[in-house]
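Asker: One structure, as structure tokens, below. Some questions next.
What follows draws every value from the coordinates through simple rules; no lab data is involved. Just so we're clear, the structure is a prediction, and the values are computed from it rather than from any experiment. So basically every Cβ, Gly included, is an ideal-geometry build from the backbone, and we count neighbours across all protein chains shown.
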Amino acid sequence: MVNALDLLQQARALGANVTLQQVQQAIAAIDRATLEATERARYQVAIWDETSPLAGQPPEYWRSRGDWPQGGTVVLVYCDGNLLYVQPHDPDSAGIVPMDQTTATARANAIVDRLVTMAVDEQVRRQALIALLGG
């Protein structure tokens, strides 16, 4: 979430004579749910079959990374059709722990949720700042 105090400080540093209440109102006026839905639609989570080439590389290339447990599910995260993440093990566990399909999908969706939150926070911050500066 966008920190109203930080945004107030930034708006004032840019010459806006605004109050905290005005900053909070500017943030509240933005339809965050629509921004989140639009941003989330850019992402796709998929399970890799581990036999098809991935990002132009054969499966052997990926298995030789050093963080590839035997067995388990490999999950992929794409944004706008571009591969962002190849996750062969549970990122929330210590060590290199294989994932089942349910865990892999949950971990990938958590990654996407964090990326969406960061992108939407930046959009909200930018839109609110523009509104506060009279743009």
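Asker: Using per-residue counts of other Cβ atoms within 10 Å, averaged over each peptide, order 67-77, 36-46, 91-101 from highest down. Could the numbers behind the result be given before it?
Answerer: Numbers: 67-77: 16.5, 36-46: 15.0, 91-101: 13.0.
By packing density, highest mean first, the sequence is 67-77, 36-46, 91-101.
Asker: Hey, what angle do you get for helix 4-13 against the long axis of the chain, alpha-carbon based, 0 to 90 degrees rounded to 10?
Answerer: Taking Cα atoms only, the helix is inclined about 60 degrees.
Asker: Which number do you get for Rg(Cα) / (2.2 N^0.38 Å) in the stretch 4-132?
Answerer: Values: Rg = 20.0 Å, N = 129, 2.2 N^0.38 = 13.9 Å.
Scaled against compact globular proteins, the figure is 1.43.
Asker: If you don't mind, another one. If I model a spin label as a point 7 Å beyond the Cα along the Cα-Cβ vector, how far apart are those points for Ala46 and Ile96 in nm?
Answerer: 2.4 nm
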